[in-house]
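Nothing in this text is a laboratory measurement; each read-out follows from the coordinates by a stated rule. In this text the structure is predicted, and so the values were computed from the model without any measurement. Reconstructed Cβ throughout: ideal geometry from the backbone, glycine too, with neighbour counts over all protein chains shown.
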Amino acid sequence: IDRRAWLLAGLVVAVPLVQLVPLPPSLWQALPGREREVAALALVGAENSWMPWSQTPSRTLAALLAMLPPVVLFLLAARLGRRGRSLLLATIVAGCLASIALGALQLASGEGTDWRLYANTHLTWLTGFQSNRNAQADVLIAGLLALAAVHAAGPRGDGSEYGERRGLGAGAAVIALLLLAGAVLTGSRMGIALLALGVPLALLIVWQGNPLRARLPGPALLAVGVAGLAVLAAGLLQLPAVSRVADRFLNDGDSRALIWDDTRVALAEAWPAGSGLGSFEPVFAASESLENVTTRYHARAHNDWLEFALEAGLPGLIVLGAIVGLLAWLAVRGMLARARGALDRVEAAQLLAGSGILLVLGLHSLVDYPLRSMSLACVAAVAAAMHFPLMTSMRPHGGGAPDRGPV
């Protein structure tokens, strides 16, 4: 395994590990936001006990344990060869298709719960294996990008194999349409908006990975195709199921802004140490404005960047910046290698798919919390693994020369 992959894995688990280390009273009592805890412990004469950095150590331990499956999957995926990585991406696509099949049964049941896997979920919307529509939309967009990378890793396709590649392309197009339709039927506004990023990225992956680019449609034909899709979309808006999705974009009854305001208050109280991973719910409840209190409780900030800043503090943001910087550097380095011909089409397609998936999840995290889903965290782990170059022993003889035939 690439040593940089070990470094990234270590950075991911470093924050909760450090937050669980017991500290002497003189240290933990000096941390911001611990006044209520000191007062509570003083009532039972335990204010001089050693306590960890985290204000909620049991929740931080749970967060650490939840990180282990994605971290292990990341390390395993990082050591795979090209074929293994393609099969892993194909597995994501297969999972998305199974999720859409379940979602079709869910939609057919209307407001029934027979096909729902969670008691607290979005009824009447396609959620598949996820607990909410936003996570389902992210899964399907990730599946679309994974599909593009799998298709780009198909047969090399010289002139004699054009018919074979065209048949594979037709099958991939049908699957892509299913994924797109499923993403729309989730009703996730941000998820649907992110299709504007996911679809061009998927086309870019297919384009760069297709050795028959000369036979692909030209710009003029592509423009006609886009116009046709726009007309089709306008027609689909007349369908009740699709128009109901469009109506969600006109709904301005979103309370996220109020949650963000109270989260910033809690962040200011715990800054710069942070309150501990997993601590959002109790810490937020203590800082929530009385005028914003309702019968509903808020388990998430609906902005995972903001929630992570509250829980991890400045040290966590520094670690997060190091992780993002490492992945961005590997992505840019890989694309420059592709431009020089030092990276073949399969690896480039996998790298682009991984970067696209992480970008989609990062943008959706501005208004939601996709990485708090175990399945999406594992998808993100696979996407991160695609950034790490193949080990020398896993490359075909001759190194990384471009377009070396089927994987």
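Some points to look at:
- The range 252-341 - Rg (one decimal) and Dmax (whole number), Cα, Å: 17.6, 60
- Gain on full extension, evaluated as 0.36 nm per residue between Met374 and Ala342 minus their Cα-Cα distance, stands at 8.0 nm.
- Placing unit charges on the Cβ atoms only, positive for Lys and Arg and negative for Asp and Glu, gives the range 8-96 a dipole magnitude near 660 debye about its Cα centre.
- Peptides 334-346, 315-327 ranked from most to least packed by the mean count of surrounding Cβ atoms within 10 Å: 334-346, 315-327.
- Computed from the C-beta positions of Trp6 and Gln208 and an R0 of 25 Å, the FRET efficiency is 0.25 to the nearest 0.05.
- Entry note, the range 1-135: relative contact order of 20 percent, from Cα contacts under 8 Å with a spacing of 6+ residues.
- Highest average packing first - 378-384, 367-373, 42-48, Cβ atoms within 10 Å: 378-384, 367-373, 42-48
- Segments 117-128, 136-147 sorted - mean Cβ within 10 Å per residue, highest first: 136-147, 117-128
- Extension gain from Leu87 to Leu17, taking 0.36 nm per residue of separation minus the Cα-Cα distance: 21.9 nm
- Taking 0.36 nm per residue of separation and subtracting the current Cα-Cα distance, fully stretching the chain between Leu177 and Thr121 would add 17.7 nm.
- Computed E for Ala40/Ala196 - FRET, C-beta separation, R0 51 angstrom, nearest 0.05: 0.55
- In this Cβ point-charge picture (+1 for Lys and Arg, -1 for Asp and Glu), the range 257-306 has a dipole of about 100 debye about its Cα centre.
- Simple point charges give the picture: +1 on the Cβ of Lys and Arg, -1 on the Cβ of Asp and Glu, and for the range 278-356 a dipole about the Cα centre of about 540 debye.
- In order along the range 32-47, phi translates into HN-Hα couplings of x, x, 9, 4, 5, 5, 4, 5, 5, 5, 5, 5, 10, x, 10, 5 Hz, rounded to whole numbers, per the Karplus curve 6.51 cos²θ - 1.76 cosθ + 1.60 with θ = phi - 60° and x for Gly and Pro.
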